[in-house]
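Note sheet for the following structure.
The values are calculated or read from the model by the stated rules, or taken from the named source; none is laboratory data. Computed from a predicted structure; not experimentally measured. Note: ideal-geometry Cβ built from the backbone for every residue, glycine included; neighbour counts use all protein chains shown.
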Amino acid sequence: MAGVEIDGYTFEPGADLADADLEGANLKGANLKGANLKEADLSGADLSGADLSGADLSGTNLEGTRLRGANLEGANLEGAMLSEYYGANHVVTAKLSGAKLSGANLSGAHLEKVDLSKANLARANLEEADLSGTNLVEANLEGANGTVDIDYAIGRMLG
């Protein structure tokens, strides 16, 4: 998809959408590769199957956002809010390999089967996050807080 149309607007990959209000938007399968979404409001949006690889999502509100099957490889999510919102935040099967998630609020997020290999999760809030089946190979969890099953995490980090 060359761009995605929402209410008459076309957003091309690499678009500057910093501070945009996209609350509840349907961006399913959108190509937002390399987009600047810094501090945007994507709460409740549907980004299932979207390509957000290399995108800047730092400080973005992603509470309640659907990210099933989304590609966030190499994306910057530093300080992003991905905490559970009315049970709707699903990051299941998303690719977050190499993503920058330091300081991100991932409390209560559904991260099962997510590829977090080589991701930076330093100081991330993982309180009550579901990491079952998650790939944590070479992930940086320094200073992250939450109730992560250490034996499970180490097993996944070592491959």
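Return the residue satisfying two criteria in turn: it lies in segment 82-92 and is within 11 Å of the chain's Cα centre (by Cα) and surrounded by fewer than 23 Cβ atoms within 10 Å (Cβ to Cβ), and of such residues it is modelled with the highest pLDDT. By that ranking, first place goes to 83. The set of residues in segment 18-49 that are part of a loop (DSSP other than H, G, I, E, B) and farther than 17 Å from residue 81 by Cβ comprises 27, 28, 29, 30, 32, 33, 34, 35, 48, 49.
Scanning segment 46-65 for residues being surrounded by fewer than 24 Cβ atoms within 10 Å (Cβ to Cβ) and either of a type outside the set (Asp, Glu) or in contact (Cβ under 8 Å) with a residue 40 or more places away in the chain (or both) gives a total of 8.
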